[in-house]
Each structure stands twice: as structure tokens, then as C-alpha cells.
Amino acid sequence: MIVVSGIRKSLRTGSTTVEILKGIDFTIARGEFAAIMGASGSGKSTLLGLLAGLDNPTSGTVTLNGTAISNLAEDKLAQLRGRTIGFVFQSYQLIPTLTALENVMLPYELNGSPNVAGEANGMARARQLLSAVGLDSRVDHYPVQLSGGEQQRVALARAFILRPPIVLADEPTGNLDTANGSHVLDLLLHLNRVEGTTLVLVTHDPVLATYAGRRITLRDGLVISDETQVPAQHTPAGA
Ligand SMILES: Nc1ncnc2c1ncn2[C@@H]1O[C@H](COP(=O)(O)OP(=O)(O)O)[C@@H](O)[C@H]1O
Ligand SMILES: [Mg+2]
């Protein structure tokens, strides 16, 4: 589903070049749930952006669902991204002039619903996703009226609206208290196990990482460990 081959990323700042990623290789299979871990500054967000085609590697290739994205023209890339990937930014990136519900609906308004045969409008799914992350009573709120953790959950709901085969999320529980973190975990596991969504989460949270079947750890732009593990069992709230 995701093949990362020889990825390097350098950035020039002033007169010096900083090597952020120094040669990364891994493959993530369809339906896998992988946690990417590592200290702050190790290159996790940079890597996730490259997986989504939001940024270009200095060298190496990323292949999504059989298509090498590095050589795609911008319009083809945008189309593939829209159909294939839901992305949760570390900084949420909600549209300030849209309500929570409208933010979740936005990808649907822009792309239609290519992955949902017969689903005439995305509204029901948008409300369902917001409910699943505990935001029933916040659907008509604007981002400025929401806490950081609530905005984070809206961003997460938005990533899943089109039932993308792959969801990439950067620290999706970074701002959540225990109860809301548990809601988000329920949703992620449900979507992974029931809908078969391939999940790649960047996380600092060692507990969240125990629910993944795969744990990839970065240090200074390199993979220092890549292990499969038996995922911890999670009992959904209210079950
Ligand atoms: N646009 C940029 N210009 C210069 N350095 C950057 C830029 N983006 C990230 N970096 C540097 O690259 C390293 C990795 O960053 P990042 O991928 O955000 O790490 P992480 O998400 O693991 O904290 C850090 O040292 C960061 O300062
Ligand atoms: Mg980061």
C-alpha cells in the first residue's frame, strides 16, 4: 500500500544544508496500523508529509497503491491524494470560516465521494464521525470556539470523511485528555479493523503505540527500529 524507498530529504537554510531524512526504507501493507515514533526533531512530520505527497523528497521514491508519486504532475497528484489519503496535520489546519460540520464536509464538497458507492451525501457520515469523537454538541461551532483538543478531533473526523484507504495522522492524540483520547482510539481502531483503513500515526504516546501492529522508530533521520508486535486489546467505551 505504501512503499518508501531510499528517501532522503535535505533543506538549505542560509549557507548550510541540513539533512533531515538520511535514507528511509519500509513497506506498509494494506490494512496495517503502524506507529511512527521518535524524539522531537527526528524527522517524523517531514516523513509523513512525504508519504502524503505534500512535499518532495530530495531523492528516493514513495509509491502509494502502486503509483510512484514523486513524478506525478501536480493535478494528478492532487487527484490521487484526494482519493487515497486522509491527512491529519499536527496543527489541525481547519478552515476558520467554516463550522466543525462544514470542515468535516469540505473534502466531500471538493471531491464528491468516490469511495462510497450509493452514499448520496456525506452529511450522515460527517455527523456520525463527529459523534464518534464526542463532538455531537459542537457541530455548529467555528474553530475559534473550540479547544485545541476539539479542533484536533474535527481534523481527525475530516480525514475519514471520504473513506480513504490510507489515513496519515501527525500526533492525533497530542492534545487530548484521557477520555477523549480513548474516543479517538475507539474510532481509529474501528476504522482500521472494520473499514480496513491503513493507518500510519506519528505519536509520542507509548500507550497509543501499543495498539499498533507495527512500530517504526526514527532517530536523526534514520529508522533505528522497525518491529511488528501483537497489538494490545482495547475495550471501546460503553461496550
Ligand atoms: N522547513 C524547515 N527548514 C529547516 N529545518 C527544518 C524544516 N522543517 C523541519 N526542519 C528540521 O528538521 C528536523 C525534523 O523535523 P520534523 O520532521 O518536524 O521532526 P519531528 O516531527 O520528528 O519533530 C528538525 O530538526 C527540524 O528543525
Ligand atoms: Mg512533528
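The table for this structure:
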quantity	calculated
Residue among R153, R163, R158 that is buried (at least 18 other Cβ atoms within 10 Å of the Cβ), within 16 Å of the chain's Cα centre (by Cα), within 21 Å of I28 (Cα to Cα) and of a type in the set (D, E, K, R)	R163
Residues (surrounded by 12 or more Cβ atoms within 10 Å (Cβ to Cβ) and either hydroxyl-bearing (S, T, Y) or within 13 Å of ligand 1 (Cβ to nearest atom) (or both)) located in the stretch 12-26	E19, I20, L21, K22, I24
Residue identified as within 16 Å of ligand 1 (Cβ to nearest atom) and in a helix (DSSP H, G or I) among L208, L201, L191, L185	L208
The stretch 120-148 - residue that is polar (S, T, N, Q) and either closer than 18 Å to L189 by Cα or in contact with a strand residue (DSSP E or B) (Cβ under 9 Å, 6 or more places away or on another chain) (or both) and, of those, surrounded by the most Cβ atoms within 10 Å (Cβ to Cβ)	S131
Long-range neighbours under 7 Å by Cβ, at least six apart or interchain, first residue touching a residue at least 12 places away in the same chain (Cβ under 8 Å) within the stretch 31-44, second polar (S, T, N, Q) and more than 6 Å from ligand 1 (Cβ to nearest atom)	G31/T198; E32/T198; F33/N192; A35/T203; M37/T203; M37/T217; G38/T217
Qualifying position, being within 14 Å of the chain's Cα centre (by Cα), of a type in the set (A, V, I, L, M, F, W, C), more than 13 Å from ligand 2 (Cβ to nearest atom) and modelled with pLDDT of 95 or more, among I36, I7, I2	I2
Counted residues, the stretch 149-182 - those being outside any strand (DSSP E or B) and either within 11 Å of L129 (Cα to Cα) or away from ligand 2 (no atom under 16 Å from the Cβ) (or both)	23
Among the residues listed as R81, R8, the single one being at negative phi and part of a helix (DSSP H, G or I)	R81
Residues located in the stretch 211-225, provided they are more than 22 Å from A155 (Cβ to Cβ) and away from ligand 1 (no atom under 16 Å from the Cβ)	G213, R214
Residue match in the stretch 37-52 (condition: part of a strand (DSSP E or B) and within 15 Å of ligand 1 (Cβ to nearest atom))	yes
T58 being out of contact with any helix residue (DSSP H, G or I) (no Cβ under 6 Å at 6 or more places or on another chain) and either more than 12 Å from ligand 1 (Cβ to nearest atom) or closer than 17 Å to I216 by Cβ (or both)	yes
Identity of the residue in the stretch 60-78, in contact (Cβ under 8 Å) with a residue 12 or more places away in the chain and part of a loop (DSSP other than H, G, I, E, B), that ends up farthest from L176 (Cα to Cα)	L72
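The values are calculated or read from the model by the stated rules, or taken from the named source; none is laboratory data. What you see is a predicted model, and the numbers here were worked out from it, not measured in a lab. Positions of Cβ are generated from backbone atoms using ideal geometry, with glycine treated the same way; all protein chains shown enter the neighbour counts.
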